[in-house]
Amino acid sequence: MKKVHIFGGAVLLIMALLLVGSMRHDAATFDESAHIPAGYSYITQRDYRLNPEHPPLLKALSGLSTRLFVHPRFPTDIPSWQNDINGQWAQGAAFLYGAGNDAEDIIFWSRIPVVLLTLLFGWLLFLWTKKRLGTTAACLTFLFFSFSPTVLAHARYVTTDLAAAFGFFIGLATFIAFLEHPTKRNVFFAGVALGIAQLLKFSLALLIPIDLIILAIWFFVSPTFTHHRKRFSAVLARVGQATLIALVGLLVIWGTYAYFTANYPPDRQLRDAQSILSTYGSRTPVNVDFALIKNPLTRPLGHYLLGILTAQQRATGGNTSYFLGTVTATGSRLYFPLLYLVKESLAFHILALIALFLAAVRIKKSMRKDAPPLPARLRTWLATHPVEFSSIVFILFYWGYSIKSPLNIGVRHVLPTFPFIYLLVARQIALWIHDHPFPNPRGLREWLRNMKHAYINSIPKIALVSVLMLWLIISTLTVYPHFLSYYNILGGGAAEGYHIAVDSNYDWGQDLYRLVDFADEHAIKKIALDYFGGGSPSYSLGDRFEPWWSAKGPPHGWFAISATLREGSQGIIDPVLHPKPEDSYPWLRAYTPVARAGTSIFIYQLP
């Protein structure tokens, strides 16, 4: 037991070093320029006028860290705060780069809570998997999580994706505990976890239908209900407890929003909501939201509903993105499956295929002639494997929802399913390694055969898994510190992955400081730049920066452009977007980059 915890602690330390070390020289990513000032305003102003399309909890934790360690000035005497409707981008620029603050310090300390949350998440995942599925499965799951380039990429930024994964984990883990043991304590913890989850990202609303599906399946498979004399009353009692979980969660949401909207003027809140939802399709939920905001008691829930409606409106409308040479806002059903294939380690995919094969073999073995009927076997498996079946339900539901969504701006949107995929793969690999021909040996002969299997037949399995795990770890470490730009060899690696997709898959503005380093090393006095991200070129480069865009034509001398803008302007653009020829950088096609800042900013030296 002690050795296992030492292993977990060592992996956690390595992960912490990778996260902190890699984020120190990353400029603000695109979304951080809105999230960081919003979170700081929640802590210092208790006013939720900024960034209502995302819940407050992670941003507030980041704001608290900044308040404690930096204590910067937050400007409230400017139009973006006083007059604009959700003036998050202008307020972010003013707070980070225009108020005399040290932007790098603010960004660094704002990210620390995200790193700490990730480490807590990894440790809880390790302990929970160990308790549920055994030590070997827990160790493999923890390694998959800790050396996932996608996890490492988004565990360093003030964005909601890693927090969303944590929310789904605590929500499902506590709900499974409630299903197995519906005590008052478990009802309370499941309710608190549900509430916290809703405060991390609005996609966590999907926990409600997912929990209902799992609960319905549980009614049909658990002996508590299938063999209960008063089955209807037992089901009714469990439904009542599930309703209580929802009420506890709602109370957590109300209390948090009440705190962060305390100084948000009610008339300003209503006016902002009316403006934000002016183009929302169905007016019924909009009118409900306005009614909630007008009532002092329900005003916090009105702001929560505003966020849900805003997030739903954005997801339905899609987002202009580059994918496989095409720029469109309609999305592609291929987007998430392909990005998952090329953004995770190839070694992990091989282990996942092995796990699928092993699962298929186990299913086939269970179909022997003398086996019970399939419905009975399935019911028994579901009742005795709540972690596995809940994970499968969640993965299928969430992936189905995501694939249908036109919002294709990053594999990060399916990140919440990764920990559950990891534990399912780890479970099958662990069962394979520890497989014995006689689970309950009778006599010396069967015991000896088990020993032979354990110490001789398992050696090749352990060797194969060890080689693949070493490959997985090395492939992640070699891309340090550019985890965001990671693509496996199928995707062309970090150097060429931008041909498939950019934005938060590759270029989110993180390499601006590395462009500054390049300018310093080459004594560049002036550089034209078309930048995509949350950094400020004028703040970082000073007088050396010259803002540029395609319609201005070729600049003279040094020119740099972010990969997202470069690929987006030179891909095949959907005619529905009404592209302008002057915005497509036709003149840039004749030139070859002479260098890159990090992986994502292409640098040219033009005549």
>> Can you go through Pro300, Pro373 and tell me which one is over 30 Å from Lys131 (Cα atoms) and at pLDDT 95 or above?
In response: Pro300
> Got at least one residue in segment 140-158 being touching a His at 6+ places or on another chain (Cβ under 8 Å), under 16 Å from Asp26 (Cβ atoms) and either touching a residue at least 60 places away in the same chain (Cβ under 8 Å) or not in a helix (DSSP H, G or I) (or both)?
Replying inline: yes
> Out of the residues in segment 122-159 that are modelled with pLDDT under 95 and among the hydroxyl-bearing types (Ser, Thr, Tyr), which is nearest to Val479 (Cα to Cα)?
Replying inline: Thr136
>> Contact list please: Cβ distance under 9 Å, first residue in segment 411-436 and under 22 Å from Ala173 (Cβ atoms), second residue surrounded by fewer than 22 Cβ atoms within 10 Å (Cβ to Cβ) and among the acidic types (Asp, Glu), pairs at least six apart or on different chains.
In response: Leu423/Glu388; Leu424/Glu388; Arg427/Glu388
> Among the residues of segment 55-65, is any in contact (Cβ under 8 Å) with a residue 24 or more places away in the chain, of a type in the set (S, T, N, Q), under 26 Å from Val151 (Cβ atoms) and in contact with a helix residue (DSSP H, G or I) (Cβ under 7 Å, 6 or more places away or on another chain)?
Replying inline: yes
>> Kindly evaluate Ile500 against the criterion of being closer than 26 Å to Gly92 by Cβ, crowded, with 17+ Cβ neighbours inside 10 Å and hydrophobic (A, V, I, L, M, F, W, C).
In response: no
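Kindly indicate whether Ser275 is small (Gly, Ala, Ser), within 27 Å of the chain's Cα centre (by Cα), part of a helix (DSSP H, G or I) and outside the structural domain of Leu407 (by TED's automatic domain parsing). Walk me through how you get there before you give the answer.
Numbers: small (Gly, Ala, Ser): yes; within 27 Å of the chain's Cα centre (by Cα): no; part of a helix (DSSP H, G or I): yes; outside the structural domain of Leu407 (by TED's automatic domain parsing): yes.
Against the criterion (small (Gly, Ala, Ser), within 27 Å of the chain's Cα centre (by Cα), part of a helix (DSSP H, G or I) and outside the structural domain of Leu407 (by TED's automatic domain parsing)), Ser275 does not qualify.
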> Is it the case that segment 218-231 has a residue that's closer than 17 Å to Phe397 by Cβ and either modelled with pLDDT under 95 or out of contact with any helix residue (DSSP H, G or I) (no Cβ under 8 Å at 6 or more places or on another chain) (or both)?
Replying inline: yes
> Pro79: in contact (Cβ under 8 Å) with a residue 60 or more places away in the chain and either assigned by TED's automatic domain parsing to the domain that holds His25 or of a type outside the set (Lys, Arg) (or both), yes or no?
Replying inline: no
> From Thr279, Thr224, Thr256, which residue is surrounded by 14 or more Cβ atoms within 10 Å (Cβ to Cβ) and within 24 Å of Leu50 (Cα to Cα)?
Replying inline: Thr256
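Rundown of residues vs (1) among the hydrophobic types (A, V, I, L, M, F, W, C); (2) in contact (Cβ under 8 Å) with a residue 40 or more places away in the chain; (3) closer than 30 Å to Ile474 by Cβ, yes/no style:
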{"position": "Ser278", "(1), (2), (3)": "no, no, no"}
{"position": "Thr284", "(1), (2), (3)": "no, no, no"}
{"position": "Asn287", "(1), (2), (3)": "no, no, no"}
{"position": "Phe290", "(1), (2), (3)": "yes, no, no"}
{"position": "Ile293", "(1), (2), (3)": "yes, no, no"}
{"position": "Arg333", "(1), (2), (3)": "no, yes, no"}
{"position": "Leu351", "(1), (2), (3)": "yes, yes, yes"}
>> Quick check on my filter: what residues within segment 8-21 are modelled with pLDDT under 95 and farther than 11 Å from Ser146 by Cβ?
In response: Gly9
>> For segment 489-601, give me every one of the helices (runs of 4 or more DSSP H) that falls completely inside it and has 2 or more residues that are modelled with pLDDT of 95 or more and over 30 Å from Tyr340 (Cα atoms).
In response: 512-521, 537-541
>> Suppose we keep only residues that are in a helix (DSSP H, G or I) and more than 18 Å from the chain's Cα centre (by Cα) within segment 309-343. Which one would you say is surrounded by the most Cβ atoms within 10 Å (Cβ to Cβ)?
In response: Leu309
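The values are calculated or read from the model by the stated rules, or taken from the named source; none is laboratory data. The structure displayed is predicted, hence computed values, not measured ones. With ideal geometry, Cβ positions are generated from the backbone for all residues, glycine too; neighbour counts draw on all protein chains shown.
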